[in-house]
Number of protein chains: 2
Amino acid sequence: MAGQDLRYQADGLTMVGSLHRPAKGGPAPGVLVFPEAFGLSAHAIGKAERIAGELGYVALACDLWGERKQLTDMAALGPALGALTGEPSRLRAQVRAALETLRAQDGVDATRIAAIGFCFGGTMAFELATCSDISAAIGFHSGLQVPSLAADAGRIKGKILALLGADDPGVPPEMRTEFTRLLSEAGVDWQMTLYGGVVHSFTNPDADKAGQPGFLRYDAPADRRSWTQMAALLGEVFA
Amino acid sequence: MAGQDLRYQADGLTMVGSLHRPAKGGPAPGVLVFPEAFGLSAHAIGKAERIAGELGYVALACDLWGERKQLTDMAALGPALGALTGEPSRLRAQVRAALETLRAQDGVDATRIAAIGFCFGGTMAFELATCSDISAAIGFHSGLQVPSLAADAGRIKGKILALLGADDPGVPPEMRTEFTRLLSEAGVDWQMTLYGGVVHSFTNPDADKAGQPGFLRYDAPADRRSWTQMAALLGEVFA
(Lines give C-alpha, C1' and ligand atoms only; values in the text may rest on other atoms or scores of the structure.)
Protein backbone atom coordinates (compact mmCIF):
# COMPACT_ATOMS: atom_id res chain seq x y z
CA MET A 1 0.00 0.00 0.00
CA ALA A 2 1.32 3.47 -0.86
CA GLY A 3 2.46 5.64 1.98
CA GLN A 4 0.95 8.95 2.95
CA ASP A 5 3.16 12.03 3.07
CA LEU A 6 3.15 13.40 6.58
CA ARG A 7 4.58 16.85 7.36
CA TYR A 8 5.90 17.78 10.78
CA GLN A 9 8.21 20.41 12.21
CA ALA A 10 11.48 19.45 13.84
CA ASP A 11 14.64 21.38 14.63
CA GLY A 12 13.43 24.31 12.51
CA LEU A 13 12.85 22.15 9.44
CA THR A 14 9.73 20.95 7.69
CA MET A 15 10.02 17.20 7.64
CA VAL A 16 8.15 15.19 5.03
CA GLY A 17 7.76 11.72 6.42
CA SER A 18 6.01 8.76 4.83
CA LEU A 19 3.33 7.04 6.90
CA HIS A 20 2.38 3.42 6.22
CA ARG A 21 -0.57 1.62 7.76
CA PRO A 22 -1.39 -2.07 7.96
CA ALA A 23 -4.34 -3.28 5.92
CA LYS A 24 -6.19 -4.22 9.08
CA GLY A 25 -7.58 -1.20 10.92
CA GLY A 26 -7.76 -0.62 14.66
CA PRO A 27 -5.05 0.35 17.13
CA ALA A 28 -1.64 -1.07 16.29
CA PRO A 29 1.87 -0.55 17.63
CA GLY A 30 3.96 2.07 15.85
CA VAL A 31 7.47 1.92 14.45
CA LEU A 32 9.67 4.89 13.57
CA VAL A 33 12.05 4.25 10.68
CA PHE A 34 15.08 6.54 10.64
CA PRO A 35 16.91 6.64 7.30
CA GLU A 36 20.54 6.48 6.29
CA ALA A 37 22.60 9.66 6.67
CA PHE A 38 21.91 10.69 3.06
CA GLY A 39 18.28 11.37 3.99
CA LEU A 40 14.89 9.79 3.49
CA SER A 41 14.79 7.71 0.31
CA ALA A 42 13.07 4.69 -1.20
CA HIS A 43 15.20 2.45 1.05
CA ALA A 44 13.71 3.53 4.40
CA ILE A 45 10.28 4.09 2.86
CA GLY A 46 10.35 0.53 1.53
CA LYS A 47 11.19 -0.77 5.01
CA ALA A 48 8.26 1.17 6.52
CA GLU A 49 5.99 -0.28 3.85
CA ARG A 50 7.09 -3.82 4.74
CA ILE A 51 6.70 -3.21 8.47
CA ALA A 52 3.09 -2.18 7.84
CA GLY A 53 2.34 -4.83 5.23
CA GLU A 54 4.13 -7.82 6.69
CA LEU A 55 4.19 -7.14 10.42
CA GLY A 56 0.98 -5.17 10.90
CA TYR A 57 2.41 -2.09 12.63
CA VAL A 58 1.94 1.55 11.71
CA ALA A 59 5.31 2.75 10.40
CA LEU A 60 6.59 6.27 9.86
CA ALA A 61 9.62 6.64 7.63
CA CYS A 62 11.20 9.85 8.90
CA ASP A 63 12.72 12.71 7.01
CA LEU A 64 16.20 13.79 8.10
CA TRP A 65 17.26 16.96 6.29
CA GLY A 66 13.88 18.65 5.76
CA GLU A 67 11.66 18.71 2.66
CA ARG A 68 12.98 15.20 2.04
CA LYS A 69 16.28 16.61 0.85
CA GLN A 70 19.02 14.17 -0.10
CA LEU A 71 22.58 14.95 0.94
CA THR A 72 24.50 12.75 -1.46
CA ASP A 73 27.53 15.01 -1.61
CA MET A 74 29.96 13.51 0.90
CA ALA A 75 31.66 16.90 1.31
CA ALA A 76 28.40 18.39 2.55
CA LEU A 77 27.27 15.32 4.48
CA GLY A 78 30.12 15.24 6.97
CA PRO A 79 29.67 18.79 8.28
CA ALA A 80 25.88 18.42 8.36
CA LEU A 81 26.15 15.26 10.46
CA GLY A 82 28.79 16.84 12.66
CA ALA A 83 26.54 19.79 13.36
CA LEU A 84 23.73 17.47 14.41
CA THR A 85 25.77 15.15 16.61
CA GLY A 86 27.73 18.07 18.05
CA GLU A 87 24.52 19.46 19.50
CA PRO A 88 22.66 16.51 20.99
CA SER A 89 19.74 18.77 21.87
CA ARG A 90 19.09 19.27 18.14
CA LEU A 91 19.24 15.56 17.47
CA ARG A 92 16.91 14.90 20.39
CA ALA A 93 14.49 17.56 19.20
CA GLN A 94 14.34 15.88 15.84
CA VAL A 95 13.79 12.32 17.03
CA ARG A 96 11.31 13.39 19.70
CA ALA A 97 9.30 15.32 17.13
CA ALA A 98 9.12 12.19 15.00
CA LEU A 99 7.99 10.19 18.03
CA GLU A 100 5.26 12.67 18.98
CA THR A 101 4.10 12.84 15.37
CA LEU A 102 3.69 9.08 15.13
CA ARG A 103 2.04 8.88 18.56
CA ALA A 104 -0.54 11.46 17.50
CA GLN A 105 -1.73 9.51 14.49
CA ASP A 106 -5.10 7.79 14.56
CA GLY A 107 -4.85 4.05 15.02
CA VAL A 108 -1.47 4.14 16.75
CA ASP A 109 -1.19 2.57 20.19
CA ALA A 110 0.87 5.31 21.85
CA THR A 111 2.08 2.94 24.57
CA ARG A 112 3.71 0.59 22.10
CA ILE A 113 6.28 2.41 19.95
CA ALA A 114 9.68 1.26 18.75
CA ALA A 115 12.33 2.87 16.57
CA ILE A 116 14.57 1.32 13.97
CA GLY A 117 17.21 2.97 11.86
CA PHE A 118 19.86 2.43 9.26
CA CYS A 119 23.42 3.81 9.42
CA PHE A 120 23.07 7.22 11.12
CA GLY A 121 19.38 6.43 11.52
CA GLY A 122 20.41 3.68 13.93
CA THR A 123 22.24 6.29 15.97
CA MET A 124 19.01 8.32 15.95
CA ALA A 125 16.97 5.35 17.17
CA PHE A 126 19.43 4.76 20.02
CA GLU A 127 19.49 8.46 20.89
CA LEU A 128 15.70 8.41 21.13
CA ALA A 129 15.95 5.45 23.51
CA THR A 130 18.01 7.61 25.91
CA CYS A 131 15.29 10.26 26.21
CA SER A 132 11.94 8.50 25.81
CA ASP A 133 10.05 5.41 26.87
CA ILE A 134 10.06 3.60 23.52
CA SER A 135 9.86 -0.18 23.79
CA ALA A 136 12.87 -0.98 21.61
CA ALA A 137 15.54 0.64 19.46
CA ILE A 138 17.09 -1.35 16.65
CA GLY A 139 20.01 -0.27 14.50
CA PHE A 140 21.09 -1.82 11.19
CA HIS A 141 24.74 -1.15 10.21
CA SER A 142 24.27 1.54 12.75
CA GLY A 143 26.60 4.20 13.98
CA LEU A 144 27.29 3.47 17.65
CA GLN A 145 28.57 6.88 18.73
CA VAL A 146 25.31 7.92 20.31
CA PRO A 147 25.71 11.49 21.57
CA SER A 148 23.87 11.11 24.89
CA LEU A 149 24.69 7.48 25.62
CA ALA A 150 27.54 8.09 28.07
CA ALA A 151 25.40 10.49 30.10
CA ASP A 152 21.99 8.88 29.81
CA ALA A 153 22.35 5.14 29.25
CA GLY A 154 20.77 4.72 32.68
CA ARG A 155 17.56 6.28 31.39
CA ILE A 156 17.05 3.69 28.68
CA LYS A 157 13.89 1.67 29.25
CA GLY A 158 13.62 -0.01 25.85
CA LYS A 159 15.44 -3.07 24.58
CA ILE A 160 18.46 -2.42 22.37
CA LEU A 161 19.45 -4.47 19.31
CA ALA A 162 22.44 -3.68 17.10
CA LEU A 163 22.79 -5.60 13.83
CA LEU A 164 26.23 -5.11 12.34
CA GLY A 165 28.56 -6.23 9.60
CA ALA A 166 31.58 -7.73 11.37
CA ASP A 167 33.87 -6.00 8.84
CA ASP A 168 32.11 -2.62 8.75
CA PRO A 169 35.01 -0.13 8.59
CA GLY A 170 32.77 2.53 10.11
CA VAL A 171 31.98 0.46 13.19
CA PRO A 172 35.28 -1.07 14.33
CA PRO A 173 35.52 -3.50 17.29
CA GLU A 174 36.59 -0.82 19.76
CA MET A 175 33.46 1.19 18.96
CA ARG A 176 31.29 -1.89 19.54
CA THR A 177 33.06 -2.55 22.83
CA GLU A 178 32.52 1.00 24.08
CA PHE A 179 28.82 0.94 23.09
CA THR A 180 28.12 -2.34 24.85
CA ARG A 181 30.19 -1.35 27.89
CA LEU A 182 28.02 1.72 28.43
CA LEU A 183 24.84 -0.33 28.01
CA SER A 184 26.01 -3.10 30.33
CA GLU A 185 27.10 -0.70 33.05
CA ALA A 186 23.63 0.82 32.94
CA GLY A 187 21.95 -2.59 33.09
CA VAL A 188 20.26 -2.16 29.73
CA ASP A 189 18.73 -5.19 27.98
CA TRP A 190 20.87 -5.33 24.84
CA GLN A 191 21.76 -7.69 22.02
CA MET A 192 24.32 -7.35 19.26
CA THR A 193 24.64 -9.57 16.22
CA LEU A 194 27.67 -9.59 13.95
CA TYR A 195 27.46 -10.93 10.41
CA GLY A 196 30.75 -12.40 9.16
CA GLY A 197 32.24 -11.02 5.95
CA VAL A 198 29.70 -8.21 5.88
CA VAL A 199 30.42 -4.46 5.72
CA HIS A 200 28.28 -1.30 5.90
CA SER A 201 24.88 -0.73 4.21
CA PHE A 202 24.12 -4.45 3.95
CA THR A 203 20.36 -3.84 3.86
CA ASN A 204 20.50 -1.49 0.88
CA PRO A 205 20.76 -2.98 -2.63
CA ASP A 206 21.70 0.49 -3.92
CA ALA A 207 24.86 0.43 -1.81
CA ASP A 208 26.72 -1.36 -4.58
CA LYS A 209 26.29 1.63 -6.89
CA ALA A 210 28.79 3.60 -4.81
CA GLY A 211 31.58 1.39 -6.13
CA GLN A 212 33.19 1.00 -2.70
CA PRO A 213 32.63 -2.71 -1.98
CA GLY A 214 35.06 -2.74 0.93
CA PHE A 215 32.88 -0.22 2.75
CA LEU A 216 29.37 -0.16 1.25
CA ARG A 217 27.96 -3.47 0.02
CA TYR A 218 24.56 -5.11 -0.07
CA ASP A 219 24.42 -8.57 1.50
CA ALA A 220 21.24 -10.54 0.89
CA PRO A 221 21.63 -13.12 3.70
CA ALA A 222 22.48 -10.44 6.28
CA ASP A 223 19.57 -8.33 5.01
CA ARG A 224 17.13 -11.24 5.51
CA ARG A 225 18.59 -12.35 8.82
CA SER A 226 18.62 -8.88 10.31
CA TRP A 227 15.02 -8.34 9.24
CA THR A 228 14.05 -11.60 10.98
CA GLN A 229 15.82 -10.53 14.17
CA MET A 230 14.13 -7.14 14.09
CA ALA A 231 10.72 -8.77 13.60
CA ALA A 232 11.37 -11.14 16.52
CA LEU A 233 12.26 -8.31 18.91
CA LEU A 234 9.30 -6.17 17.80
CA GLY A 235 7.05 -9.18 18.33
CA GLU A 236 8.54 -9.65 21.78
CA VAL A 237 8.15 -6.07 23.00
CA PHE A 238 4.71 -5.54 21.43
CA ALA A 239 3.31 -8.87 22.72
CA MET B 1 6.48 -37.31 22.64
CA ALA B 2 8.93 -39.46 24.58
CA GLY B 3 12.31 -40.06 23.03
CA GLN B 4 13.66 -43.43 22.02
CA ASP B 5 16.97 -44.59 23.48
CA LEU B 6 19.42 -45.13 20.66
CA ARG B 7 22.73 -46.93 21.23
CA TYR B 8 25.76 -46.36 19.07
CA GLN B 9 29.51 -46.89 19.37
CA ALA B 10 31.91 -43.97 19.34
CA ASP B 11 35.48 -43.56 20.50
CA GLY B 12 35.35 -46.94 22.23
CA LEU B 13 32.26 -46.05 24.25
CA THR B 14 28.68 -47.18 24.08
CA MET B 15 26.67 -44.03 23.64
CA VAL B 16 23.03 -43.93 24.67
CA GLY B 17 21.42 -41.13 22.71
CA SER B 18 17.80 -40.04 22.77
CA LEU B 19 16.01 -39.88 19.43
CA HIS B 20 12.96 -37.64 18.97
CA ARG B 21 10.69 -37.65 15.93
CA PRO B 22 8.13 -35.12 14.77
CA ALA B 23 4.50 -36.20 14.93
CA LYS B 24 4.23 -36.00 11.17
CA GLY B 25 5.91 -38.91 9.40
CA GLY B 26 7.91 -38.85 6.20
CA PRO B 27 11.44 -37.68 5.52
CA ALA B 28 12.49 -34.71 7.62
CA PRO B 29 15.77 -32.89 8.21
CA GLY B 30 17.82 -34.07 11.17
CA VAL B 31 19.40 -32.16 14.03
CA LEU B 32 22.14 -33.41 16.33
CA VAL B 33 21.98 -31.99 19.85
CA PHE B 34 25.31 -32.09 21.71
CA PRO B 35 24.98 -31.66 25.47
CA GLU B 36 26.83 -29.60 28.03
CA ALA B 37 30.20 -30.89 29.21
CA PHE B 38 28.63 -32.70 32.17
CA GLY B 39 27.06 -35.20 29.77
CA LEU B 40 23.66 -35.98 28.33
CA SER B 41 20.88 -34.90 30.69
CA ALA B 42 17.29 -33.72 30.68
CA HIS B 43 18.47 -30.33 29.37
CA ALA B 44 19.68 -31.50 25.94
CA ILE B 45 17.00 -34.19 25.75
CA GLY B 46 14.36 -31.51 26.33
CA LYS B 47 15.82 -29.42 23.52
CA ALA B 48 15.71 -32.40 21.15
CA GLU B 49 12.11 -32.99 22.13
CA ARG B 50 11.22 -29.38 21.30
CA ILE B 51 13.08 -29.48 17.99
CA ALA B 52 10.98 -32.48 16.98
CA GLY B 53 7.71 -31.25 18.44
CA GLU B 54 7.87 -27.55 17.55
CA LEU B 55 10.07 -27.46 14.47
CA GLY B 56 9.29 -30.82 12.85
CA TYR B 57 12.84 -32.16 12.54
CA VAL B 58 14.21 -35.51 13.73
CA ALA B 59 16.51 -34.73 16.63
CA LEU B 60 19.13 -36.89 18.29
CA ALA B 61 20.31 -35.81 21.73
CA CYS B 62 23.81 -37.26 21.91
CA ASP B 63 25.57 -38.97 24.73
CA LEU B 64 29.02 -37.66 25.62
CA TRP B 65 30.70 -39.90 28.23
CA GLY B 66 29.17 -43.27 27.36
CA GLU B 67 26.26 -45.11 28.97
CA ARG B 68 24.81 -41.64 29.58
CA LYS B 69 27.25 -41.07 32.40
CA GLN B 70 27.22 -37.67 34.12
CA LEU B 71 30.53 -36.06 35.04
CA THR B 72 29.40 -33.60 37.65
CA ASP B 73 32.65 -33.68 39.60
CA MET B 74 34.59 -30.68 38.33
CA ALA B 75 37.86 -32.34 39.34
CA ALA B 76 37.13 -35.20 36.96
CA LEU B 77 35.54 -33.08 34.25
CA GLY B 78 38.58 -30.96 33.42
CA PRO B 79 40.94 -33.86 32.68
CA ALA B 80 38.26 -35.73 30.74
CA LEU B 81 37.60 -32.71 28.54
CA GLY B 82 41.32 -32.08 28.14
CA ALA B 83 41.86 -35.64 26.96
CA LEU B 84 39.15 -35.22 24.34
CA THR B 85 40.22 -31.82 23.02
CA GLY B 86 43.88 -32.78 23.19
CA GLU B 87 43.24 -35.52 20.65
CA PRO B 88 41.01 -33.99 17.99
CA SER B 89 40.79 -37.33 16.23
CA ARG B 90 38.88 -38.72 19.21
CA LEU B 91 36.52 -35.78 19.26
CA ARG B 92 35.99 -36.13 15.53
CA ALA B 93 35.35 -39.84 15.83
CA GLN B 94 32.68 -39.14 18.40
CA VAL B 95 30.82 -36.41 16.53
CA ARG B 96 31.06 -38.26 13.21
CA ALA B 97 29.62 -41.39 14.80
CA ALA B 98 26.67 -39.34 16.02
CA LEU B 99 26.20 -37.89 12.54
CA GLU B 100 26.28 -41.28 10.84
CA THR B 101 23.89 -42.69 13.42
CA LEU B 102 21.33 -39.95 12.82
CA ARG B 103 21.75 -40.19 9.04
CA ALA B 104 21.03 -43.91 9.15
CA GLN B 105 17.67 -43.51 10.87
CA ASP B 106 14.48 -44.09 8.92
CA GLY B 107 12.72 -40.87 8.02
CA VAL B 108 15.84 -38.70 8.14
CA ASP B 109 16.75 -36.72 5.06
CA ALA B 110 20.48 -37.46 5.04
CA THR B 111 21.21 -34.41 2.89
CA ARG B 112 19.77 -32.00 5.43
CA ILE B 113 21.50 -32.33 8.79
CA ALA B 114 22.53 -29.65 11.25
CA ALA B 115 24.18 -29.75 14.66
CA ILE B 116 23.54 -27.65 17.72
CA GLY B 117 25.24 -27.79 21.06
CA PHE B 118 25.45 -26.26 24.50
CA CYS B 119 28.68 -25.30 26.26
CA PHE B 120 31.23 -27.94 25.21
CA GLY B 121 28.50 -29.37 22.96
CA GLY B 122 28.76 -26.18 20.91
CA THR B 123 32.45 -26.88 20.45
CA MET B 124 31.47 -30.37 19.26
CA ALA B 125 28.98 -28.98 16.75
CA PHE B 126 31.62 -26.60 15.35
CA GLU B 127 34.21 -29.39 15.25
CA LEU B 128 31.78 -31.51 13.23
CA ALA B 129 31.37 -28.60 10.79
CA THR B 130 35.12 -28.74 10.06
CA CYS B 131 35.00 -32.39 8.95
CA SER B 132 31.55 -32.96 7.42
CA ASP B 133 29.02 -31.41 5.09
CA ILE B 134 26.40 -30.52 7.70
CA SER B 135 24.21 -27.55 6.75
CA ALA B 136 24.70 -25.55 9.92
CA ALA B 137 26.39 -25.65 13.31
CA ILE B 138 24.94 -23.63 16.16
CA GLY B 139 26.50 -23.16 19.58
CA PHE B 140 24.73 -21.84 22.71
CA HIS B 141 27.08 -20.45 25.40
CA SER B 142 29.53 -22.45 23.42
CA GLY B 143 33.20 -23.02 23.89
CA LEU B 144 34.97 -21.44 20.92
CA GLN B 145 38.30 -23.22 21.16
CA VAL B 146 37.49 -25.70 18.43
CA PRO B 147 40.42 -28.11 18.10
CA SER B 148 40.55 -28.32 14.30
CA LEU B 149 39.36 -24.82 13.47
CA ALA B 150 42.76 -23.28 12.80
CA ALA B 151 43.68 -26.08 10.42
CA ASP B 152 40.34 -26.82 8.79
CA ALA B 153 38.15 -23.70 8.82
CA GLY B 154 38.50 -23.72 5.04
CA ARG B 155 36.65 -27.03 4.89
CA ILE B 156 33.53 -25.70 6.57
CA LYS B 157 30.52 -25.81 4.24
CA GLY B 158 27.77 -25.17 6.78
CA LYS B 159 26.63 -21.90 8.24
CA ILE B 160 27.95 -21.04 11.69
CA LEU B 161 25.98 -19.34 14.47
CA ALA B 162 27.37 -18.61 17.93
CA LEU B 163 24.93 -17.40 20.61
CA LEU B 164 26.79 -16.05 23.60
CA GLY B 165 26.41 -14.26 26.89
CA ALA B 166 28.39 -11.04 26.56
CA ASP B 167 29.71 -11.52 30.11
CA ASP B 168 30.44 -15.25 29.91
CA PRO B 169 33.73 -15.59 31.84
CA GLY B 170 34.50 -18.76 29.89
CA VAL B 171 34.24 -17.04 26.51
CA PRO B 172 36.09 -13.73 26.84
CA PRO B 173 36.26 -11.17 24.02
CA GLU B 174 39.69 -12.29 22.80
CA MET B 175 38.38 -15.83 22.34
CA ARG B 176 35.45 -14.53 20.31
CA THR B 177 37.80 -12.44 18.21
CA GLU B 178 40.07 -15.38 17.44
CA PHE B 179 37.12 -17.63 16.54
CA THR B 180 35.60 -15.11 14.14
CA ARG B 181 38.99 -14.22 12.65
CA LEU B 182 39.57 -17.85 11.65
CA LEU B 183 36.08 -18.11 10.18
CA SER B 184 36.36 -14.83 8.27
CA GLU B 185 39.76 -15.68 6.83
CA ALA B 186 38.27 -18.92 5.53
CA GLY B 187 35.27 -17.13 4.03
CA VAL B 188 32.79 -19.01 6.21
CA ASP B 189 29.20 -17.74 6.51
CA TRP B 190 29.06 -16.93 10.22
CA GLN B 191 26.94 -14.99 12.69
CA MET B 192 27.53 -14.23 16.34
CA THR B 193 25.01 -12.76 18.77
CA LEU B 194 25.94 -11.37 22.16
CA TYR B 195 23.34 -11.00 24.90
CA GLY B 196 24.10 -8.14 27.28
CA GLY B 197 24.37 -8.89 31.00
CA VAL B 198 24.26 -12.63 30.32
CA VAL B 199 26.83 -15.24 31.42
CA HIS B 200 27.30 -18.98 30.78
CA SER B 201 24.57 -21.66 30.72
CA PHE B 202 21.80 -19.18 29.98
CA THR B 203 19.61 -21.86 28.37
CA ASN B 204 19.63 -24.14 31.38
CA PRO B 205 17.29 -23.38 34.31
CA ASP B 206 19.30 -25.82 36.43
CA ALA B 207 22.38 -23.61 36.10
CA ASP B 208 21.26 -21.56 39.07
CA LYS B 209 21.61 -24.60 41.35
CA ALA B 210 25.39 -24.37 41.08
CA GLY B 211 25.33 -21.21 43.18
CA GLN B 212 27.81 -19.40 40.91
CA PRO B 213 25.64 -16.65 39.43
CA GLY B 214 28.63 -14.73 38.04
CA PHE B 215 29.49 -17.71 35.85
CA LEU B 216 26.47 -20.03 35.50
CA ARG B 217 23.05 -18.39 35.35
CA TYR B 218 19.81 -19.06 33.54
CA ASP B 219 18.46 -16.12 31.55
CA ALA B 220 14.93 -16.47 30.26
CA PRO B 221 15.04 -13.72 27.58
CA ALA B 222 18.36 -14.96 26.18
CA ASP B 223 17.04 -18.53 26.25
CA ARG B 224 13.97 -17.53 24.20
CA ARG B 225 15.88 -15.25 21.83
CA SER B 226 18.62 -17.76 21.12
CA TRP B 227 16.03 -20.44 20.43
CA THR B 228 14.34 -18.12 17.93
CA GLN B 229 17.63 -17.43 16.18
CA MET B 230 18.41 -21.13 16.02
CA ALA B 231 14.99 -21.87 14.56
CA ALA B 232 15.45 -19.12 11.96
CA LEU B 233 18.80 -20.49 10.78
CA LEU B 234 17.53 -24.08 10.69
CA GLY B 235 14.55 -22.88 8.66
CA GLU B 236 16.92 -21.07 6.30
CA VAL B 237 19.29 -23.97 5.65
CA PHE B 238 16.57 -26.63 5.46
CA ALA B 239 14.32 -24.58 3.13
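The values are calculated or read from the model by the stated rules, or taken from the named source; none is laboratory data. Note that this is a predicted model, so its numbers are computed, not measured. Don't worry about glycine lacking a Cβ; one is built from the backbone with ideal geometry, like all the others, and counts go over all protein chains shown. When the accessible area is computed, the model is the full protein with side chains, heavy atoms only, and any ligands, DNA or RNA have been set aside. Shrake-Rupley method; radii C 1.70, N 1.55, O 1.52, S 1.80 Å.
Largest mean-square fluctuation among A:His200, A:His141, A:His43, in a Gaussian network model of chain A whose springs join Cα atoms under 10 Å apart, belongs to A:His43. Think of a 1.4 Å ball rolled over the protein heavy atoms: chain B then has 38 Å² of accessible area per residue. Within straight-line reach of A:Lys24, meaning a Cα separation under 15 Å, sit the following aspartates and glutamates at least 8 residues removed in sequence or on another chain: A:Glu49, A:Glu54, A:Asp106, A:Asp109. Between B:Gly165 and B:His141, B:Tyr195, the built amide H atoms are under 5 Å apart, and every one of these is 5 or more places off in sequence or on another chain. For region B:140-191, the fraction of C-alpha pairs farther apart than 17 angstrom is 30 percent.
The protein assembly as shown: D in µm²/s via Stokes-Einstein (Kirkwood Rh, Cα pairs, 10 °C, 1.306 mPa s)?
Details: Rh = 23.3 Å.
In µm²/s, the coefficient rounds to 68.
Close amide H pairs (under 5 Å, H built 1.01 Å from N) link B:Phe118 with B:Phe34, B:Glu36, B:Phe140, residues at least 5 positions away or on another chain. In region B:108-239, a dipole from Cβ-located charges (positive for Lys and Arg, negative for Asp and Glu) runs towards its positive end, and of B:Ala114, B:Gly211, B:Leu194 it is B:Ala114 whose Cα lies farthest in that direction.
The convex hull defined by the C-alpha atoms of region A:12-155 has an orientation-averaged projected area of 7.9 nm². For A:Lys157, the point set 7 Å out from Cα toward Cβ sits 5.2 nm from its twins in the other copies, listed from shortest up. In region B:190-236, the residues that give up 50 Å² or more of accessible area when the other protein chains are added, compared with the chain on its own (1.4 Å probe), are B:Trp190, B:Gln191, B:Leu194, B:Gly196, B:Arg225. Starting from the label point of B:Gly53 at 7 Å along Cα→Cβ, the same points in the other copies fall at 3.8 nm, in ascending order. Using Cβ point charges alone (K and R +1, D and E -1), the dipole size of region B:1-87 about the Cα centre works out to roughly 340 debye.
In chain B, taking the dipole from charged Cβ atoms about the Cα centre, the farthest positive-side position among B:His43, B:Gly25, B:Cys131 is held by B:Gly25. Summarising the rotation from chain B to chain A, the nearest chain B beta-carbon to the axis and its distance in Å are given as B:Thr193, 2.
Would you rank A:Asp208, B:Asp63 by solvent-accessible area, highest first, keeping every protein chain in place and using a 1.4 Å probe?
Numbers: A:Asp208 85, B:Asp63 0 Å².
Per-residue accessible area, sorted high to low, gives A:Asp208, B:Asp63.
Just checking the listed ones, A:Arg96, A:Arg155, A:Arg21: in the Gaussian network model of chain A with Cα springs under 10 Å, the one fluctuating most is A:Arg155.
For the protein assembly as shown, with all protein chains in place and a probe radius of 1.4 Å, 53% of the accessible heavy-atom surface sits on carbon or sulfur.
Result for chain A in a Gaussian network model with C-alpha springs under 10 Å: among A:Ala52, A:Ala104, A:Ala207, the largest mean-square fluctuation is at A:Ala104. Just the number, please: percent antiparallel of the DSSP beta bridges in chain B, rounded to the nearest 5. Given both bridge residues lie in chain B, the antiparallel proportion sits at roughly 25 percent.
Equivalent ellipsoid of region A:1-74: semi-axes from √(5λ) of the C-alpha gyration tensor, largest first, are 23, 13, 9 Å. Solvent-accessible surface of protein heavy atoms, probed at 1.4 angstrom with all chains present, puts A:Glu185, B:Glu49, B:Glu236 in the order A:Glu185, B:Glu49, B:Glu236, largest first.
Take every pair of alpha-carbon atoms less than 8 Å apart whose residues are at least six positions apart; their mean separation over the length of chain A yields a relative contact order of 15 percent.
Would you mind working out the magnitude of the charge dipole of chain A relative to its Cα centre, with +1 at each Lys and Arg C-beta and -1 at each Asp and Glu C-beta, to the nearest 20 Debye? If you can, show how the numbers build up before the last one.
Values: 21 positive and 26 negative charges, 79 e Å.
Approximately 380 debye in magnitude.
For B:Lys159, the lysines whose Cα falls under 22 Å of its own Cα, not counting residues fewer than eight places away in the same chain, are B:Lys47.
Using a 1.4 Å probe over protein heavy atoms, the accessible area lost on pairing A with B, summed over both chains, comes to approximately 1400 Å².
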